[in-house]
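Trainee: Below is the structure I would like to discuss, written out as structure tokens.
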Amino acid sequence: MPDNDNDAKAPLIRFAGVQKTYDGESLVVKDLNLTIAEGEFVTLLGPSGSGKTTCLMMLAGFENPTGGDIFLGEQRLNRVPPHKRNFGMVFQNYALFPHMTVEENIRYPLKTRGLPADEARRKVAEILEMIQLIEFARRRPGQLSGGQQQRVALARALVFEPQLVLMDEPLGALDKQLREQMQLEIKHLHETLGLTVVFVTHDQGEALTMSDRVAVFNDGVIQQIDTPSNLYEYPANSFVAQFIGENNTLDGVVESVEGRRCRARFGDDLTTGALLGPGLGAGQATRLSIRPERVKLDGAAKGLPNRLRARVHEFIYLGDHLRVRCALPGNDDFVARVPVDDFDPRLRPGDDVELGWRDDDVRALDAS
Amino acid sequence: MASTLDPGAPAAQGNLKARLRRAERLRKLKAVGLVAPLALFLVIVFVLPIGSMLLNSVDNGSLRQVMPATAASLQEWDGEGLPEAATFAAFAEELRDSRRGGGLGSVGRRLNYEDSGFRGLLMRTLMGLPRESDDWRATLIDIDPAWGEGVTWRRIQAAAPPRTDRYLLASVDLERGADGEIQRVDADSRLYQAVFQRTLVIAGGVTLICLALGFPLAYLLATLPARTSNLLMILVLLPFWTSLLVRTAAWIILLQSNGLANQSLMALGLVESPLQLVFNRIGVFFAMVHILLPFMVLPLYSVMKGISPSYQRAAVSLGAHPFAAFWQVYVPQTVSGVAAGTILVFIMALGYYITPALVGGPADQMVSYYVAYYTNTTNNWGMAAALGSILLAVTLLLYLVYHRLVNRKQMIGS
Ligand SMILES: Nc1ncnc2c1ncn2[C@@H]1O[C@H](COP(=O)(O)OP(=O)(O)OP(=O)(O)O)[C@@H](O)[C@H]1O
Ligand SMILES: [Mg+2]
């Protein structure tokens, strides 16, 4: 489990109260505060239009913040033009220069920095070796596959050893298998080269596998910044719970609070124990969130503190596990994820089953 | 046994091939049917006229049709002294018969290109020609002593073969001398080399000005928000909606001595007396650039529209100054648009006729002016076709060179 001691490292980038509006009417980014430590892999995750690219562009210098400041160490970045920021950037469509060969593309940032020709050649050869594309050096980007182009774009953004690497959905155009392979490669590069990476994606799986920390965006606001496991286990609000991983929700009311825990009433007169989410108190409306794999069925449910009967709608067989869709009061689409071995093959749709879960597997979150 | 061949296989294969052929044939027929009207149209409006122009430029006129015997026997003659008596006889009889048959007019016009007194000579001879004669040679020389000179006959001889290079040579200020070798024409009648040169200079100048004006304009159109750029695009296309003559006339009015341009310049105190802006090269450039600019802007725009702004951003993020990014990353990607625009404008400019004729001076007329002159005024199809053919050849040659250059540039890639 990744630890959470980033505060120990020196902060490299700091967003302080950053705001952005394009049209002067609505804020696309509202009061963004985010610190990125050196060597950290931070992902900005969120649905389309939530302002991720805008944040990245402000960091790269292609957009100016309407309010607030961005710092690089102690230096205020707002007035530094993009070509002086020394950040490597990988674009969604790679933006490889089509009229230059792979080699010329990778050499470009060295040329702009006035590196001597032989040193530049050595560095290009080194990085081509690293991305295993030496034999493609003289080809044009148009003659490469998507994955190869992706690697060239990466090499071009890394060859000048930038202090920060920005990536805007760099894997969006690749198919699933290649994407997973590239995720590992990028992660690997991050670890071996000690890069600081700000990565943008709207694919939560990608965010969880690659990042040290993930910032979940919605509507221009960071909903939660945390390690992948904390995001999954301890979502701060129902948006995060719903956005990260699979989730069952039950709407109810907080009945009583005892420390971190509470009891909540849902349906007509059902109650369950739950972990209390931030900002909630007794008597308040809540949305309860339970992960499908934490819901137990029949035999496995015996002895659990929260049990109830439900009618099964449907079984969906997925090889290593089954998804059992049941109707609960207030949620017709309640899903339990059951390992195939634990499953009673005599069950049929329309049968009643007993569902059960522990108190700590339920989060009582905001009802929005 | 596994090794025995299935006897049905080859037959089935042949069958399959036949089926494929039949299916393909139908598809091909459909394709040809669809293309045929266009192909026919191209042949009628493109291949035939150009072919007939090329033929006209080497056509030697109608002497062979009107006086076949004369032409045949003159072609045998070695050009020394005088032709044989039989040639005199054939000529005299065919000249006499042309009274009835006609065709003498076109022969006279053709022979006049050799010597401007020839038509008169033919008419005088025809007038004095008896019905019959025992010695046509003596009779002809009697009518006009010119018939006793070898040079007269050599001129007719020049018109005898079916093809001639005289028009093509004349189009580049060359001619054949007395003994058939190619030489330059007299210094004071040289004209066409200068005209071709002028045509290329004007077309090239117009193309460069169009590129210089069109590139930033197209860039603006491609990068502005859609609303503004659509409005600007209408302004760019506006000239297309008015007649070329009207636009040219408008330039005359604007640029003349007491026109708006000169009055504004004088009112601003930039000049003291009106500038000569029209009926000279300046006027030609103004009017032609105005008319041809859209043909530069449109291909450039369509190429630029397809270039994602992320290329320049990428270059800037890699440390290039925005100007360097523009020059090193953006401009090379527009090469195909620049190539299309310049070749389009240049080739269209080469053929310009009305505009230089209206807003240019005598020294600004381009090749097309002389083509029009020969077709409309003097009916000399040979010269008109020859000038056109040479222009076509020069254009093709330049195009090939240019194509090579642009391709090489794209291959090298920066
Ligand atoms: N140049 C621009 N001008 C005006 N509005 C913009 C501009 N760029 C983005 N926006 C708006 O700002 C909001 C946030 O856009 P942004 O591109 O940051 O979203 P995103 O999170 O990157 O989304 P996606 O996942 O689809 O890339 C959107 O509503 C978008 O319409
Ligand atoms: Mg985006």
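The values are calculated or read from the model by the stated rules, or taken from the named source; none is laboratory data. The structure presented is a predicted model; accordingly, all values stated were derived computationally and were not measured. Heads up, the Cβs are rebuilt from the backbone with ideal geometry, glycines too, and the neighbour counts pull from every protein chain shown. Surface accessibility is based on the protein's heavy atoms, side chains included, excluding ligands, DNA and RNA. Shrake-Rupley method; radii C 1.70, N 1.55, O 1.52, S 1.80 Å.
Trainee: Go through A:T271, A:T192, A:T196 for me and flag whichever is more than 16 Å from ligand 2 (Cβ to nearest atom) and not assigned by TED's automatic domain parsing to the domain that holds A:N86.
Mentor: None of the other options fit; the residue is A:T271.
Trainee: Among the residues of segment A:312-367, what is the count of those that are open to solvent by less than 20 Å² (accessible area, probe 1.4 Å) and closer than 30 Å to A:A282 by Cα?
Mentor: 12
Trainee: Moving on to the next point. Give me the strands (runs of 3 or more DSSP E) completely within segment A:25-81, filtered to those with at least 3 residues that are within 14 Å of chain B (Cβ to nearest Cβ) and charged (D, E, K, R), ordered by residue number.
Mentor: none
Trainee: Residue under question is A:T21, and the condition is that it be touching a Lys or Arg at 6+ places or on another chain (Cβ under 8 Å) and of a type outside the set (D, E); does it hold?
Mentor: no
Trainee: Please report, ordered by residue number, the helices (runs of 4 or more DSSP H) entirely within segment B:316-363 with at least 1 residues that are open to solvent by less than 30 Å² (accessible area, probe 1.4 Å) and within 13 Å of chain A (Cβ to nearest Cβ).
Mentor: B:322-325, B:335-350
Trainee: Quick one: in segment A:259-268, of everything that is touching a residue at least 24 places away in the same chain (Cβ under 8 Å) and part of a loop (DSSP other than H, G, I, E, B), which residue is surrounded by the most Cβ atoms within 10 Å (Cβ to Cβ)?
Mentor: Here the answer is A:G267.
Trainee: Scan segment B:68-110 for residues that are in contact (Cβ under 8 Å) with a residue 60 or more places away in the chain, crowded, with 16+ Cβ neighbours inside 10 Å and in a helix (DSSP H, G or I) and jot them down.
Mentor: Within segment B:68-110, B:T70, B:A71, B:L74, B:T87, B:F91, B:R109 qualify.
Trainee: Can you name the condition, by its number, that A:L171 falls short on among (1) away from chain B (no Cβ under 14 Å); (2) within 16 Å of ligand 1 (Cβ to nearest atom); (3) not in a loop (DSSP other than H, G, I, E, B)?
Mentor: (3)
Trainee: Would you confirm, using the coordinates I've provided, whether B:Y113 is in contact (Cβ under 8 Å) with a residue 60 or more places away in the chain, farther than 30 Å from B:T342 by Cα and open to solvent by 50 Å² or more (accessible area, probe 1.4 Å)?
Mentor: In short, yes.
Trainee: Shifting gears a bit: When you scan segment B:259-282, do you find a residue that is over 21 Å from the mean Cα position of the chain (by Cα), within 14 Å of chain A (Cβ to nearest Cβ) and exposed (fewer than 15 other Cβ atoms within 10 Å of the Cβ), even just one?
Mentor: Looking for residues that are over 21 Å from the mean Cα position of the chain (by Cα), within 14 Å of chain A (Cβ to nearest Cβ) and exposed (fewer than 15 other Cβ atoms within 10 Å of the Cβ), one finds none in segment B:259-282, hence no.
Trainee: Report, by residue number, each residue of segment A:6-44 that is more than 24 Å from A:T192 (Cβ to Cβ) and either open to solvent by less than 40 Å² (accessible area, probe 1.4 Å) or within 16 Å of ligand 2 (Cβ to nearest atom) (or both).
Mentor: Answer for segment A:6-44, where residues must be more than 24 Å from A:T192 (Cβ to Cβ) and either open to solvent by less than 40 Å² (accessible area, probe 1.4 Å) or within 16 Å of ligand 2 (Cβ to nearest atom) (or both): A:F15, A:A16, A:G17, A:V18, A:K20, A:T21, A:Y22, A:V28, A:V29, A:L32, A:L34.
This table checks each residue for (1) of a type in the set (D, E); (2) in a strand (DSSP E or B); (3) more than 19 Å from B:A69 (Cα to Cα).
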{"site": "B:S116", "(1), (2), (3)": "no, no, yes"}
{"site": "B:R119", "(1), (2), (3)": "no, no, yes"}
{"site": "B:L122", "(1), (2), (3)": "no, no, no"}
{"site": "B:E132", "(1), (2), (3)": "yes, no, no"}
{"site": "B:R137", "(1), (2), (3)": "no, no, no"}
{"site": "B:W147", "(1), (2), (3)": "no, no, no"}
{"site": "B:V151", "(1), (2), (3)": "no, no, yes"}
{"site": "B:A170", "(1), (2), (3)": "no, no, yes"}
{"site": "B:E175", "(1), (2), (3)": "yes, yes, yes"}
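Trainee: Limited to segment B:283-315, what total is found for residues that are open to solvent by less than 10 Å² (accessible area, probe 1.4 Å) and either closer than 30 Å to A:L110 by Cα or within 14 Å of chain A (Cβ to nearest Cβ) (or both)?
Mentor: Here the count works out to 3.
Trainee: Could you list all residues from segment A:74-86 that are within 15 Å of B:A325 (Cβ to Cβ) and crowded, with 18+ Cβ neighbours inside 10 Å?
Mentor: A:P82, A:H83, A:R85
Trainee: Answer yes if at least one residue in segment A:66-73 is of a type in the set (S, T, Y) and surrounded by 14 or more Cβ atoms within 10 Å (Cβ to Cβ), and no otherwise.
Mentor: Yes, the conditions are met somewhere in segment A:66-73.
Yes/no per residue for (1) within 14 Å of ligand 1 (Cβ to nearest atom); (2) in contact with a Pro (Cβ under 8 Å, 6 or more places away or on another chain); (3) over 30 Å from A:R138 (Cα atoms):
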| position | (1), (2), (3) |
| --- | --- |
| A:A10 | no, no, yes |
| A:Q19 | yes, yes, yes |
| A:N33 | no, no, yes |
| A:K52 | yes, no, yes |
| A:Q75 | no, no, yes |
| A:H83 | no, yes, no |
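Trainee: So how many residues does segment A:156-173 have that are surrounded by fewer than 19 Cβ atoms within 10 Å (Cβ to Cβ) and within 16 Å of ligand 2 (Cβ to nearest atom)?
Mentor: Result for segment A:156-173: 2.
Trainee: If the Cβ limit is 6 Å and pairs must be 6+ apart or interchain, which residue in segment A:198-211 that is part of a loop (DSSP other than H, G, I, E, B) pairs with which residue that is away from ligand 1 (no atom under 13 Å from the Cβ) and among the hydrophobic types (A, V, I, L, M, F, W, C)?
Mentor: A:S211/A:F41
Trainee: Condition (residue is closer than 24 Å to A:S368 by Cβ, part of a loop (DSSP other than H, G, I, E, B) and among the acidic types (D, E)) applied to segment A:269-291: is it met by at least one residue?
Mentor: no
Trainee: Let me ask something additional. For segment A:177-221, how many residues meet the condition of being charged (D, E, K, R), open to solvent by 50 Å² or more (accessible area, probe 1.4 Å) and within 16 Å of ligand 1 (Cβ to nearest atom)?
Mentor: Residues meeting the conditions: 2.
Trainee: Moving to a separate point now. Does A:E185 count as within 20 Å of the chain's Cα centre (by Cα), more than 26 Å from A:R85 (Cα to Cα) and away from every other protein chain (no Cβ under 12 Å)?
Mentor: No, not satisfied.
Trainee: Among what's in segment A:91-128 and is hydroxyl-bearing (S, T, Y) and surrounded by 21 or more Cβ atoms within 10 Å (Cβ to Cβ), pick the residue that is nearest to the other protein chains (Cβ to nearest Cβ).
Mentor: It comes out as A:Y108.
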